[in-house]
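Notes for the one structure printed next.
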Amino acid sequence: MNQMKLGKVYLVGAGPGDPDLLTLKASRLLSQCDALVYDSLVPNEILSLVPDSCDSKFVGKRRGHHSVPQAKTNAILLDLASRYECVVRLKGGDPYVFGRGGEEAAYLSRHGVNVEVVPGVTAGIAAPAYLGIPVTHRVVGSSVTFVTGHEEIDKKRPAVNWQALAHASDSLVIYMGLHNLESIVDALLTGGLDPMTPSAVIQQGTVVGQRYLKSSLDELVGKVKEEGFISPSIVVVGRVVDTQIEAAAPTPANVTMPIAF
């Protein structure tokens, strides 16, 4: 394959769901792309920005039934780059935050494809902000750890040491943590985190249907089950939860977010 004939692939962050949080560059690229490859958690309102002539491919992954394996997604991107000048790989949030953006960029670069990253607003910051919760705070939150609650299934052993994280920083922001929430909370408590630590779960952040609950850490799992929270959700653990200023929170967009089972 002649490198000079390959198109360019843009790894674009779609943000947490609210279309108004798209960057100007992301919006511009979506309006002019020749081909689009997109994930599960991208609302239709954002997908509607692409031209009718755009060659669109869905490669969403969801826990328990990966519709398109990563190797196939890589192959699709390479194929599209061989046929189109402008290819957008659209990912929820930011392409380099708990996604496969780094892997896809490395794969495409090895095959001679020019790749450009367009950062997006990540849900771990935006979802708490839309509820008036800062992930850092000068008084009670000088440090924050962003961590995944759902590691790569092919890993020989988990890399996240939840017990150590109990005292690693002032705040924890947990992505994709709902399915494993009970074991995560148990490990944090075993690691010595105060059972009364303020915690919150935010479902469908930044879009219609957004809801949340606040709880002490030791009661969090029970309340999540009782109220039937589902993914996509962000979990925040730390005293920053108690600094919430609801009056300052933005209004969620009138956009329906796909559900991640």
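The values are calculated or read from the model by the stated rules, or taken from the named source; none is laboratory data. The structure displayed is predicted, hence computed values, not measured ones. Glycine gets a Cβ as well: all are built from the backbone with ideal geometry, and neighbour counts include every protein chain shown.
Condition test on Arg239, is it outside the structural domain of Asp18 (by TED's automatic domain parsing), among the basic types (Lys, Arg) and more than 20 Å from the chain's Cα centre (by Cα)?
Values: outside the structural domain of Asp18 (by TED's automatic domain parsing): yes; among the basic types (Lys, Arg): yes; more than 20 Å from the chain's Cα centre (by Cα): yes.
Yes: the conditions hold for Arg239.
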Options Val201, Val207, Val160; residue that is under 18 Å from the mean Cα position of the chain (by Cα) and surrounded by fewer than 20 Cβ atoms within 10 Å (Cβ to Cβ): Val160
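Thr243 - would you say it is loosely packed, with under 14 Cβ neighbours inside 10 Å, at pLDDT 95 or above and at negative phi?
Values: loosely packed, with under 14 Cβ neighbours inside 10 Å: no; at pLDDT 95 or above: yes; at negative phi: yes.
Against the criterion (loosely packed, with under 14 Cβ neighbours inside 10 Å, at pLDDT 95 or above and at negative phi), Thr243 does not qualify.
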First in segment 135-150 and farther than 17 Å from Ile234 by Cβ, second anywhere and surrounded by fewer than 16 Cβ atoms within 10 Å (Cβ to Cβ) and aliphatic (A, V, I, L, M), Cβ under 7 Å, 6 or more apart: none
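Condition check: of a type outside the set (Phe, Trp, Tyr), touching a residue at least 60 places away in the same chain (Cβ under 8 Å), under 19 Å from Val255 (Cβ atoms) and touching a Leu at 6+ places or on another chain (Cβ under 8 Å). Does Gly92 satisfy that? Working first, answer last.
Details: of a type outside the set (Phe, Trp, Tyr): yes; touching a residue at least 60 places away in the same chain (Cβ under 8 Å): yes; under 19 Å from Val255 (Cβ atoms): yes; touching a Leu at 6+ places or on another chain (Cβ under 8 Å): yes.
Spelling it out, Gly92 is indeed of a type outside the set (Phe, Trp, Tyr), touching a residue at least 60 places away in the same chain (Cβ under 8 Å), under 19 Å from Val255 (Cβ atoms) and touching a Leu at 6+ places or on another chain (Cβ under 8 Å).
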Odd one out for Ile202, checked against (1) in contact with a helix residue (DSSP H, G or I) (Cβ under 7 Å, 6 or more places away or on another chain); (2) more than 25 Å from Ile46 (Cβ to Cβ): (2)
Failed criterion for Ser31 (all others in (1) in a strand (DSSP E or B); (2) surrounded by fewer than 18 Cβ atoms within 10 Å (Cβ to Cβ) hold): (1)
Residue in segment 153-165 that is over 28 Å from Lys72 (Cβ atoms) and without any contact (Cβ under 8 Å) to a residue 24 or more places away in the chain present: yes
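Scan segment 210-261 for residues that are in a strand (DSSP E or B), aliphatic (A, V, I, L, M) and farther than 20 Å from Met196 by Cβ and report the count. Break it down stepwise before answering.
Going through segment 210-261, the residues in a strand (DSSP E or B) turn out to be 211-216, 233-238, 253-256.
Still in the running and aliphatic (A, V, I, L, M): 213, 234-237, 253, 255.
Within this subset, residues satisfying the condition of being farther than 20 Å from Met196 by Cβ are 234, 253, 255.
The total comes to 3.
Among the candidates Gly93, Gly99, single out the residue that is at pLDDT below 95 and within 22 Å of Thr206 (Cβ to Cβ).
Step by step, each of Gly93, Gly99 is checked, and only Gly99 is at pLDDT below 95 and within 22 Å of Thr206 (Cβ to Cβ).
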Yes/no for Glu151 being closer than 28 Å to Gln204 by Cβ, acidic (Asp, Glu) and crowded, with 19+ Cβ neighbours inside 10 Å: no
Listing of strands (runs of 3 or more DSSP E) fully contained in segment 79-183 that carry 3 or more residues being farther than 27 Å from Leu49 by Cα and of a type in the set (Val, Ile, Thr): 144-148
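Residue by residue through segment 1-25, note down the ones that are at pLDDT 95 or above, of a type outside the set (Asp, Glu), in contact with a helix residue (DSSP H, G or I) (Cβ under 9 Å, 6 or more places away or on another chain) and outside any strand (DSSP E or B). Steps first, please.
Residues of segment 1-25 that are at pLDDT 95 or above, as a first pass: 7-25.
Those left that are additionally of a type outside the set (Asp, Glu): 7-17, 19, 21-25.
The next check asks that each one be in contact with a helix residue (DSSP H, G or I) (Cβ under 9 Å, 6 or more places away or on another chain); those that pass are 7-17, 19, 21-22.
Gly7, Ala14, Pro16, Gly17, Pro19, Leu21, Leu22 - these are the residues of segment 1-25 that are at pLDDT 95 or above, of a type outside the set (Asp, Glu), in contact with a helix residue (DSSP H, G or I) (Cβ under 9 Å, 6 or more places away or on another chain) and outside any strand (DSSP E or B).
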Among (1) touching a Gly at 6+ places or on another chain (Cβ under 7 Å); (2) under 24 Å from Val68 (Cα atoms), the one test that Tyr10 misses: (1)
Residue within segment 37-50 that is in contact with a Lys or Arg (Cβ under 6 Å, 6 or more places away or on another chain), outside the structural domain of Glu246 (by TED's automatic domain parsing) and buried (at least 22 other Cβ atoms within 10 Å of the Cβ) present: yes
